[in-house]
Amino acid sequence: MKDQDLNIGSRLLIGAIAGFAGTLAMTASMRRMHEKLPPKERYPLTPREIIDSSAAKVDVPIQGEAAKDATTAAHFAYGAASGALLGAANVTMGPVSGAAGGLGIWLGSYMGWVPAARILKPASDHPPRRNLLMLAAHVVWGAATAAAMRELVAARQTILADGQDNDAVPPA
């Protein structure tokens, strides 16, 4: 199946679901890499920093479990939204183009709109090891998101299809 065979709504849906799944892989890799940082650099990663900074900007105190929940929800929502954008562009991308897409999301976010909105300072002002961690996590996100999109496209052609495209006969 070619990308142009799917309408934009289907591509956005596939991308969003895949981006959500990719965010799980990304989060797992972030947690494991974070443990390897020197102790002085093991403060919360950027998803939490964004929530803390944004809450402070609008003078809404958020802490404890609520802050963890807001961070989790925002992180996965952003991953899904970013996946939807990738899906709109190409739902059959390979792992290398997916990884490149992940790096593009990192660049546009941490060197683009996040500092422009004065939420966080640009990534270039953060410790190099933390930047490498976040770059690697975005590569994981992009590759996992691309793999998930390809799987979802394949599932739509087989297990999610209406059966009119093959000779299989459902049981009576």
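The values are calculated or read from the model by the stated rules, or taken from the named source; none is laboratory data. From a predicted model like this one, the values you see are computed outputs, not experimental measurements. Note that each Cβ is placed from the backbone with ideal geometry, even for glycine, and that neighbours are counted across all protein chains shown. For the accessible areas, the whole protein counts, side chains as well, though only heavy atoms, and no ligand, DNA or RNA atoms are used. Shrake-Rupley method; radii C 1.70, N 1.55, O 1.52, S 1.80 Å.
For this structure, a couple of remarks:
- Taking all Cα pairs closer than 8 Å and separated by 6 or more residues, the relative contact order of the chain comes to 38 percent.
- Principal-axis tilt of helix 128-157 within the chain, Cα atoms, nearest 10 degrees: 20
- Positive-end residue, the chain charge dipole about Cα centroid, Cβ charges, pick of Y43, N90, G64: Y43
- Residue-level accessible surface for D59, protein heavy atoms, 1.4 Å, Å²: 130
- Degrees between helix 95-108 axis and first principal axis of the chain (Cα, 0 to 90, nearest 10): 40
- With a cut-off of 17 Å on the backbone N, the residues of region 81-108 near the modelled label site 7 Å out from T158 along Cα-Cβ are 92.
- Within region 36-137, the trypsin sites (Lys or Arg not before Pro) that combine a DSSP coil assignment with at most 16 other C-beta atoms in a 10 angstrom radius are K36, R42, R118.
- Read-out P(r) over Cα pairs in 10 Å bins from 0, in percent, derived from the coordinates shown; its label in (1) 10, 31, 29, 19, 9, 2; (2) 10, 33, 31, 16, 7, 3, 0; (3) 11, 39, 33, 14, 3, 0: (2)
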